[in-house]
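Read the figures in this text as sums done on the coordinates, not as results from a lab. In this text the structure is predicted, and so the values were computed from the model without any measurement. Cβ coordinates were reconstructed from backbone atoms using ideal geometry, including for glycine residues, and neighbour counts include every protein chain displayed.
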Amino acid sequence: MPMKLKRPILRKYERLARRIMKLAPTYSQMSDEELQQQTAIFRVRLAKGATLDSLLPEAFAVACEADKRVLGLAPFFNQITGGIVLYYGDIAEMKTGEGKSLTATLPLYLCGLTGPGNFLVTANAYLANRDAEEMGPVYEWLGLTVRSGAPNETVDETENATPDKAEIYKADIVYTTHSALGFDYLMDNLAATEENQFLHGFHYALVDEIDAVLLDMATIPLVISGAPRVQSNYYQSADRLVKLLEVGDGLDIEESDDTKSAWFTKRGIAKIERFFGIKGLLSPKWAELYRHMVLAMRANYLMYRGRDYVLDDGEIALIDTENGRKLPGMKLHAGLHQAIEAKEGVKISSESRAMASITYQNLFRMFDKLSGMTGTAITDVREFRETYHLDVIQIPTHRPVIRKERPDQLYVTNQEKIYASVDRIKQAYAKRRPVLIETGSVSMSELYSYVLLKEGIPHNLLNAHSIAKEAAIIAEAGQPGAITVATSMAGRGTDIKLGEGVAALGGLLVVGTEPMSSRRIDQQLKGRAGRQGAPGESVFYASLEDKVVLENGPSWAKRARHRYEDQLQDEKREFGTPIKQARFRNLIATVQGVAENDQRSSRAMTLQFDEIFRLQREKIYQFRDRVMADQNLDQLVDKLIQRALTTFLTPSVKQPLSFESVLDYLFNHVDYNYDRSQLWEPWQAGGAELKRYLLEVVSKRLTAQHDEFLNHDQFLYFERLAILKAVDYAWIEQVDNLQQLRQVVNSRTRGAHNPIYEYQRDARSSFEQMTHAFWQVALSNLMLSTFAMKPDGTIDVEFP
Ligand code: ADP
């Protein structure tokens, strides 16, 4: 067992925690001023070469004392231990209510001493802002700077001046969200000058709910969208055709057993070709059409209204399948969104190009030190270790957990399950015991709400509200008589405190109405009850008709379902009888295990796909950084010009060299006013002489451009901009290409194809094409830009 290996480490950290607690009297005797001065003293020691490690005991003790004085909360022994785990770059598994927010102050203070570049990353803006506000005073009191980098949701966007990024990222410690950080990182790498880059290094990231960020969101990369793409008219026709195709073994479209992927059969492909009157649908010639067919197939057969998206005022709103929240403004990329719009017959929105993209895994891998905390990570220990080199260390709770976890209650049909769970809720409500009811989807939460209403049970329904309101409702969920229906992760990060008299009733009752696709998420829900040693109880209701069972169940379970359903119909089985047979005892755990494996391999696949993209992105970003930092670009410009001319002069089948093509090239890349009579002689001479001549024209033109500027610095600035614009132009094209390539390659998983290999091969060759395009665009930017001098001496550049 992996956990046994970690015991010695936990012991070691606990010893260190005890040492820190022994230091407490030294600091508690200090005056406020003396304590505050410790920060400066630590910083001097760091400057003199002391390591952060060596400062840990004292810095933690100082932070503990400051927590006590500023917030009135003295970190417990287990919180100090958790803080040490976090400092050393591992995952601290701490149960709900153990006080993770306070724990984070310890490692963040220590790492903040070397600021900036230290982040606490949470899953949503509300939590980032709340924690920055609540914990911020401690750091400030100790003389460190802290900011929230998350968007402020309570301020109306129109009146909210754009946040001052420079100021935010200068802070020693930044509380933010994974998406705000990723977005700013990508934007930094689209900036034209160093002044417009705001992040200062990636030193330390402490990721709250690290499982949600690294696992649940692993397959959804962050994408910055740019200009709209020319509207394709394939969506509707592809949709119409796909709806006519037949699904099933040996028919036009086949689905995998788990209904998570689908593909066209030979027969299907032939039908499509006949419909459009074409041949060779899979050939490059029809790549666009094929891509749209794939998208239409996915939209129609793999995406479900109510589960993956809802129709909201004639628009498609995606929903987060895990927590049922609407994701306003979020769009599926590379055309899937439009394909769903075609499927639903609503207006097709404009499709924008992807400008920049990164997966969260790769964002967080850039940090010198990565750590995380969560209530549940132990189920995914191996993946954290293998993929992120993070160990999970379970921190013992401050008080023993006395929550009662009841075994799962399994029924044949959904209906029986719902009745049984509502009975349980009714019993609790009669005693005014608070109940938190988790549902697997928005539609189920609405169904429960409806049933409870009919039973006359007042309740709160949480599915698509704003996160702030959600947190407020969740915080009240422990009051006597409170009944709360929520989708699975609603109000995450908010602690449920028990109201008066509730402990005597057995504490909060958590009712799960559908097992989720991973044990970890169920575990999170169970952990809502029985925090900080309080009583609590959890029970899950499941049926053979639950999604996770249908999708991942073994065939004997399927057969059993049919048999039982028949018996129910024939009244040989009494409605509402739970399934108690031994062979079903582990069914839920088994199907969840299958689903988890699937998710794991899909994450691993995303990472593999992303690897080549990451390498390319890093290459481009490094190149950009160099262009921005170099004080002399002459050499680089020379090289670019050489490369552009050489590739142009290398004849290819597509583009044989002719007098006209050289002339065109000169007009389009070098000089609009080129005097064509000059070209004849060098063209006749050909070969090296032609190249020498072209170089001469280019270099004369460059000198002429230089002369337009007052001084060399201005010219340097222009050169830099011209090159960066060219890189961005070419790279954005490439990002967009790769996005589309992913969609197509992914659906070719069947047959003799190796999708990763194909993707890598295509990605490599398109990178090469991109590089060529970059040289040419850089050349025209340098040659063809025009300038307008403004009265204040600055110059406006107009790029071709
Ligand atoms: P978690 O995120 O681990 O579920 P929170 O950070 O929301 O927990 O904290 C839960 C509650 O416990 C908060 O109300 C917090 O103020 C309280 N708390 C945390 N640490 C301490 C402490 N050392 N002493 C007293 N109360 C604490």
Helix 77-87: inclination vs the chain longest Cα principal axis, degrees, rounded to 10, gives 20
Quick calc: nm separation of the 7 Å Cα→Cβ label points for R385 and W556 -> 3.2
Sparse-neighbourhood loop hits (trypsin sites (Lys or Arg not before Pro), region 541-636; DSSP loop; Cβ within 10 Å at most 14 others) -> K572, K580, R585
Phi angles of region 191-202, converted by Karplus (6.51 cos²θ - 1.76 cosθ + 1.60, θ = phi - 60°) into ³J(HN,Hα) in whole Hz with x for Gly and Pro, give 6, 8, 9, 4, 5, 9, 10, 10, 6, 10, x, 10
At a Förster radius of 22 Å, what calculated FRET efficiency corresponds to the Cβ-Cβ distance of H712 and E798, to the nearest 0.05?
0.60
Cα shape, the chain, gyration tensor, a/c 1.5 rule
oblate
Only helices counted: for the chain, with every DSSP H run of 4 or more residues adding -39500 (n - 2.57) and the sum spread over all residues, [θ] at 222 nm is -16500 deg cm²/dmol
Is there a quick way to get the dipole size of region 161-257? I mean about its Cα centre, with the Cβ of Lys and Arg at +1 and of Asp and Glu at -1; what is the value in debye to the nearest 20?
540
Within the chain, the percent of DSSP beta bridges that are antiparallel, given to the nearest 5, stands at 30
With +1 on the Cβ of every Lys and Arg and -1 on the Cβ of every Asp and Glu, and nothing else charged, how large is the dipole of the chain about its Cα centre, in debye rounded to the nearest 20?
3160
Given a Förster distance of 51 Å, report the FRET efficiency between D313 and F623 from their Cβ-Cβ distance, rounded to the nearest 0.05.
0.70
Contour minus Cα-Cα distance for S28 and R764 (0.36 nm per residue):
258.9 nm
Residue by residue, what Karplus-based ³J(HN,Hα) values in Hz, rounded to whole numbers, does region 477-484 have, using 6.51, -1.76 and 1.60 with θ = phi - 60° and x for Gly and Pro?
5, x, 6, x, x, 6, 10, 10
How would T359, T374 line up from fewest to most surrounding beta-carbon atoms within 10 angstrom?
T359, T374
Restrict the search to region 64-167; then list the GluC sites (Glu not before Pro) that DSSP places in a loop and that have at most 10 other Cβ atoms within 10 Å of their Cβ.
E157, E159
So how do I316, I579, I395 line up by other beta-carbon neighbours within 10 Å, fewest first?
I579, I316, I395
Chymotrypsin sites (Phe, Trp or Tyr not before Pro) restricted to region 523-626 and DSSP loop, no more than 12 other C-beta within 10 Å
F575
Projecting each Cα onto the charge dipole of the chain (Lys/Arg +1, Asp/Glu -1 at the beta carbon, about the Cα centre), which of Y674, T96, F623 comes out farthest on the positive side?
T96
For E596, E341, ascending order of other Cβ atoms within 10 Å (fewest first) is E596, E341
Positive dipole terminus of the chain, leading residue within G686, L649, F77 (C-beta point charges)
F77
Run the simple label-point estimate for D53 and R406 please: 7 Å along Cα→C-beta, distance reported in nm.
5.1
How do 207-215, 48-56, 189-197 rank on mean C-beta neighbours within 10 Å, highest first?
207-215, 189-197, 48-56
Cα-projected label distance for F667 with E681, points at 7 Å along beta-carbon direction, nm
2.3
